[in-house]
1. Quickly run through the stretch A:51-77 and pick out the residues that are more than 14 Å from chain B (Cβ to nearest Cβ) and either among the small types (Gly, Ala, Ser) or without any contact (Cβ under 8 Å) to a residue 24 or more places away in the chain (or both).
2. Among the candidates A:Glu424, A:Glu470, A:Glu450, which residue alone is of a type in the set (Asp, Glu), modelled with pLDDT of 90 or more, within 15 Å of the chain's Cα centre (by Cα) and closer than 22 Å to A:Val220 by Cα?
3. Only one of these conditions is not met by D:Arg266: (1) within 19 Å of the chain's Cα centre (by Cα); (2) surrounded by fewer than 24 Cβ atoms within 10 Å (Cβ to Cβ); (3) within 23 Å of D:Tyr58 (Cα to Cα). Which number is it?
4. With A:Gly540, A:Gly460 as the choices, which residue is buried (at least 23 other Cβ atoms within 10 Å of the Cβ), within 21 Å of the chain's Cα centre (by Cα) and at the interface with chain B (Cβ under 10 Å from one of its Cβ atoms)?
5. Does at least one position in the stretch C:1-10 carry a residue that is more than 9 Å from chain A (Cβ to nearest Cβ) and under 13 Å from the mean Cα position of the chain (by Cα)?
6. Quick one: would you say D:Thr172 is in contact with a Gly (Cβ under 6 Å, 6 or more places away or on another chain) and not assigned by TED's automatic domain parsing to the domain that holds D:Glu311?
7. Quick check, is A:Asp492 outside any loop (DSSP other than H, G, I, E, B), acidic (Asp, Glu) and either within 14 Å of chain B (Cβ to nearest Cβ) or at positive phi (or both)?
8. So, A:Val499, is that one touching a residue at least 12 places away in the same chain (Cβ under 8 Å) and among the β-branched types (Val, Ile, Thr) or not?
Amino acid sequence: MTDRRIGAFICGCGGNISDYVDIEKVRDEVEKEPGVVVARTAMFTCSDATQREIIDIIREQELDGIVVASCSPKLHLNTFRAMARRAGLNQYVYNQVNIREQCSWTHTHDMEHATDKAIRLIRAGIARTLMGHPLEMIRVKTIPRVLIIGAGISGLQAARLLSTMGIEVHLVESAPEVGGQVASWGPLFPSGRSGKELVQTLTSMIEKDDRIHIHTSSQVVEKTGNVGEFDISIQSSDGKRTSIKAGAIIVATGFQRYKPPQGEFGYGLPGVLTLDEFRDVLDNSDSGSIRYNGRDIKNISYIYCVGSRQGSNDEGSHSYCSRYCCTAAVHTALLAGEKQNPLHQYHLFRDMRTYGKQELLYEEALQKGSLFLKFPDEEPPSVKASNGHLEVALKDQLTGGEEINIGSDLVVLVTGMEARPNRELIDVLKLPVGKDGFFNEIHCKLRPVETVMDGILIAGSAQGPKNVHESTISSMAAVAKSAGLLMKGYVDLEPFVAVVDPDLCEWCDDCSNACPYDAIGKIEKGGKAIAQVTTAICKGCGTCVPACEKLAINVEGYTHKQITNMIDALAKEVV
Amino acid sequence: MTDMVESDKNTRPSILVFATNNISDPGIDLAGSSHMAYPTSVKVIAVPCSSGIDPRWVLHALTAGFDGVFIAADGTDCAYLPNCTERTGQLVKQAQQLLEKNGHDPRRLKMAAICSVCAESFVAHIESFQKALSNM
Amino acid sequence: MTTVNTVFIESIDPRFDAAACMNCGVCTALCPLEIIPLPRMLFREVMLGLEDKIIENEDTIYSCLLCKMCEANCPAGVPIAENIRLLRNYINSALYGLGR
Amino acid sequence: MSLPKKAILGILTDNLLNRGSVLPLSDRTAIQWSDGLDIPRGGETVLYTGHMYQIMPYLGTMANRMKAMENSWITKFMNLGRFVNRFINVSRFMAFPGKNEKQTYNNILRAIALLLRKGGVKYGYLYEDELYSGALIYDQGVDMALANHARRVRRVFEDHGVRKVITVDPHTTNMLRHVYPEILEDFDLEVQSYLEVLADADLENAEKSNGEVMIHDSCVYARYEGVIEQPRYLLRRAGFTVKSPELSGALTHCCGGPIESLFPSRAHEIAAKRMEQLRTMGDPIAAMCPICLVNLKQAGKNNDEVGDIAEFLARALLEVPGPKERVTA
């Protein structure tokens, strides 16, 4: 049998579990499992009092493994890991079994079978614990230097802030100048300062800063190493290569503007412009009038959501909202209204998304006479040229589907953002991108700006459409994350990585080929070639596991033995 | 009579679900938080990524007595692998071949992408899979 | 298909103000006369310069009670009664030649 | 076919421009109510009737005739009517109210005057110098005609050195308090409705309970002028138990009156609908606006069903004959 000493603690969750699962019966059954020396129920296992009781039991009974059957591990895994540590145990001999979200709450009408299921789930947790063993977090040394890719508004902000924290920065920019797209923009909401001014302020700070090294006309071409110590090669347009060591990488490569194909909403006809093109017209018009092609502009129609929220969810489609364009268009209309009065401005929209403080801008535009017309998603407006004018036809939903024809001097297509084509960079960094082409963060709320690659963070619109404000916020988050990582001098990583059984392994390189992160190499050990996992690079995805015919490679916490024993425990009848 | 049917539905056909820690397991949690019902014969093991599910585990589950295995994959949302769907699809094919070789109906393995808010879709998949399994 | 008439828009009294209307429909729901195009749709038609629509709705414009049931409950604070009055004013002077 | 709006509005406008009122009254008709009250002429504070109560008996009978005309061949001749009206006061021929009706409305004004006196309020009256406020013309959006008229009204106040005006109906209150300051520069008279004045005045409570009364709020008082609590307070002090229909106060339902002159049938439908709402309890109904009063009376079964709030207050507080009988000084 086993000499393990496992404690099982079953939570009633104040009725959330105990109303639907007979937790006393569960305890009686679980207590009989081999290896279990103590099984208890509690009303609230997560309460301080119960945690203290469990700690006492762990010490008295000299437990070497614990299972808590309660809510989803997403809620309390770390609570009970901390409890295990306080009791003097390795936190990885603790396993949490979800008998709330995946049992009591979804089987509220069948207590008998819900109880049966709870018993089986806990048995599986016990099986996993029996086959588990203490693990140590993987500690990696870090270099206090950050490589930032992209010197747009996000990258510049990140560089400046990291420097104030005493962290050295290498700023790599593919263009000959820093500043990115914002550098070419006119007045921005809400400060009213121009993008150009904003970038100049940042640039002048950065240029004076000894801790920030700028590499323009350069690309990242190679990356090895791992969090704490990456080795990066950059290549400038003249072919010169430089290698940089950095503890973390911030990807701030930004977006590119959607360019409508010829004919989309009349694009290509004289007087049909994208929002950016119209901003240029405005910036170059004297005050008192707006002129285009030698004509005074009196009527403007804006068509929203061009290149946004279009198409299905297919690869490369623009099914997302570009966030910034509604506000940008409304802001532009206000600027245009200041240049020329009277000016009739018609905004043809699907949904106005001038959220938060930007709502004030929308209200101002309403008050100043901009008219907003909602067209149905499935019936977009049409644009055609007639007698030197443009005619925009739409069905206005707010007048009950009235078909309205607007004679316009200009039609402005409010275009969105799309992901930059970063193929080479994606290959070098091995960063996952979403189907929309933007870089993926791990979780938009729980772990924003972080990627699955430890030590590689994303900032600004490289992650998805953002306005300048949101971009700088996200770059500050990336700064906080990277500084938090580097200023300690080391980083601890979860130990759920792949491990090779040297007895079973006979190096065939199948696992190494399967690994998406190049984390597996070959070494000589005991006179034979075997696979070796670089733990700091391994993400623990387990892709190598099914590749190995010999069952010689496992992911800690999810070993063949653990999984098959869990399956057996789940399948076994409750007598 | 109704109790009988309800109870039968809860015990058979039994399904083992492989879910992923970051995406599909939270989706299944959400089904519970929303008090959606699916049979108790459905049990979940969460792993880091669906591309790491070993076909031999699938065979083991059917040998151990499960009637079917459902892989709740991350699809294109996977934070580990951009081509996770492809890889998992490949594994499903391998696993189905393995099942067939061992005398099991390959349709006893099913895969679908379940995202972190796909609670309804998960329950619907389970329902249709159970129906399909009952007819095998 | 109706065409936007900017000349008409400019001839309406500039005090006409329905900009804040968000088309919630409270006005329509509360109208004791149950006048359907009043006031939200009518106001949009004014702002869009659909002059034909305004003339079509002449009777509606004069049958408003100005009781302000809608205005007092308008979440956007649109001065509905005043707008109606200004539309009457437009028709009186442009169509009836009154008050000159 | 509806009534020809152009012709009707034309007559009303012409009357206001040429004769100082939409439905010109003789001086005698306008001031008859004050006979025997010995109200001082002019003064810093004046009671201002705005002719609304005095016009009502005429408007009521005229509307009835118009309603009969609404779908008839006579409508064709309305344009001719407008032409003739420039020389002869057509509206006089269209409206011949009965003596009793005139007396009812005059008595309301007398009641108001006496209530104010009882409350210790000192005021004068402008007699034949008083002018109509132009409310109807304002509502119909004939702004140019109104501006001219408003200047005339202001001159009357200036000539008499008036500083404060006590109004007797919601429409005149709104015109003087909110509309005039919009259309006239530096128009800053203090304007209060007699209900507001009385609520602040020193009135003794009634000694006995006077039963229940259903209150009908005026749209203009409730939603334009915020006068909601005062009438209730006064009725309670006068010993009434005040009932309110479901739609009351700021949510009060219109009586239909404002469209009486152009769409009499529609106006009567609205009045009937409102009467249904007010009648649920079977209590007497108190209106506080002459337009409401005339409309609801028309929609009501008999003359007793609806009364003016001033009549209720007078009956309870003045120890003089009630609404049906004549109020004497």
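1. Correct list: A:Arg52, A:Glu53, A:Asp56, A:Glu60, A:Gly65.
2. Exactly one of A:Glu424, A:Glu470, A:Glu450 is of a type in the set (Asp, Glu), modelled with pLDDT of 90 or more, within 15 Å of the chain's Cα centre (by Cα) and closer than 22 Å to A:Val220 by Cα, namely A:Glu450.
3. For D:Arg266, the exception is condition (1).
4. The conditions single out A:Gly540.
5. No, the stretch C:1-10 contains no residue that is more than 9 Å from chain A (Cβ to nearest Cβ) and under 13 Å from the mean Cα position of the chain (by Cα).
6. yes
7. Considered against the rule, which asks whether it is outside any loop (DSSP other than H, G, I, E, B), acidic (Asp, Glu) and either within 14 Å of chain B (Cβ to nearest Cβ) or at positive phi (or both), A:Asp492 comes out as no.
8. So A:Val499 fits the description; yes.
The values are calculated or read from the model by the stated rules, or taken from the named source; none is laboratory data. These figures come from a predicted structure and were not determined experimentally. Counting neighbours? That spans all protein chains shown, and the Cβs are built from the backbone with ideal geometry, glycine included.
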